[in-house]
């Protein structure tokens, strides 16, 4: 059995197409197909559903795939550990990040890159569910996501910062004169919110449910840029994590009104696989990351405008 056969199987599972899998693995399609057949002969089970095109993996194939991913992750960790013993930490750290946490990422990766200059990084904006799949499939070393809203699988975790929320609304507008707004009041506004596949949206929906409300957003988006820009150009209001406005600034012709009743927040934290032994890249990043205050590290800091100071 050759490790590369596992590489080809993982590529096939990822691409769901023989040709694309071969291209991503930098081999010809006949080479990849022959490697899969060799695996089937080695284990004596069918791995791929037979047909004129890729129709998925068999039940046995899914078992082989799970172990193949684990073997390849262990091989990568071994290489990292051996490199670390000789020339220091090297390799590529793959980091998944929920979109609302993107503004703070460089304040975590900056110190890491200064400490380990031979490591390269791939940072991907991902939903929290895709992050969990990425960790389970060994396609990510670590991730920045919510710690206290939805159940997490067995992972190592540490809190990084607290995400708070404000009501971003047009000025002038029906809410612009308020010094604060309750979640119940906000539910009645013409809202622009993230799409339901984003955990931030599920956080917001959960807070609304806690006060007996169910918002009916007029605009839904998977872009944090749209979340911030829509109140500046139309009749919509958004519920925005405060760190986004510390990073982007409050858009012109809008005002950020504090949300109250309840005073709600969620914890954003770093997670990595609980596998043992851990990936040297993941563990080094995990150990180096420290809690931050977005209001202090994001530059320039935003002065949040109250209705009183706007008059």
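Between residue 195 and residue 2, the simple label model (points 7 Å from Cα in the Cβ direction) yields a spacing of 4.0 nm.
For residue 84 and residue 115 in one chain, what is 0.36 nm times their gap in residues minus the Cα-Cα distance, to one decimal in nm? 9.9 nm is the gain from fully extending residue 84 to residue 115. Mean separation of Cα pairs under 8 Å and 6+ residues apart, divided by the residue count of the chain: what relative contact order is that in percent? Result for the chain is 21 percent. Taking the number of Cβ atoms within 10 Å of each Cβ as an exposure proxy, the fewest-first ranking of 238, 33, 284 is 33, 284, 238. May I ask you to derive the FRET efficiency for residue 53 and residue 233 from their Cβ-Cβ distance with R0 = 41 Å, giving the value to the nearest 0.05? Using R0 = 41 Å, I get an efficiency of 0.35. The share of C-alpha pairs in region 109-163 whose separation exceeds 18 Å stands at 42 percent. Could you give the angle, 0 to 90 degrees to the nearest 10, between helix 106-115's Cα long axis and the longest principal axis of the Cα atoms of the chain? It is inclined by approximately 50 degrees. Helical runs assigned H by DSSP (4 residues or longer) give the chain a calculated mean residue ellipticity at 222 nm of -12500 deg cm²/dmol, each run adding -39500 (n - 2.57) before division by the residue total.
The long axis of helix 29-43 is offset from the longest Cα principal axis of the chain by roughly 70 degrees.
Net length available on complete extension from residue 23 to residue 253 is 77.9 nm, with 0.36 nm assigned per residue and the Cα-Cα distance removed.
Relative to the current alpha-carbon distance between residue 223 and residue 31, full extension at 0.36 nm per residue lengthens the span by 65.1 nm.
Panel values: region 43-143, Kirkwood radius from alpha carbon pairs, Stokes-Einstein at 4 °C and 1.567 mPa s, translational diffusion coefficient 81 µm²/s.
Projecting label points 7 angstrom from Cα along Cα→Cβ for residue 60 and residue 122 puts them 3.1 nm apart.
By the Stokes-Einstein formula, at 0.890 mPa s and 25 °C, the chain with its Kirkwood radius over alpha-carbon pairs has D equal to 112 µm²/s. If I fit a long axis through the Cα atoms of helix 199-210 and take the longest principal axis of the Cα atoms of the chain, what angle between them do I get, 0 to 90°, rounded to 10? The helix 199-210 is inclined about 50 degrees to the chain. Evaluated at q = 0.20 Å⁻¹, the base-10 log of the normalised Debye intensity for region 3-82, with identical point scatterers placed on the Cα atoms, takes the values -0.84.
Each value in this text was obtained by applying a stated rule to the coordinates, not by laboratory testing. Fair warning: this is a prediction, and the values are worked out from it, not measured in the lab. We place every Cβ from the backbone using ideal geometry, glycine too, and count neighbours over all the protein chains shown.
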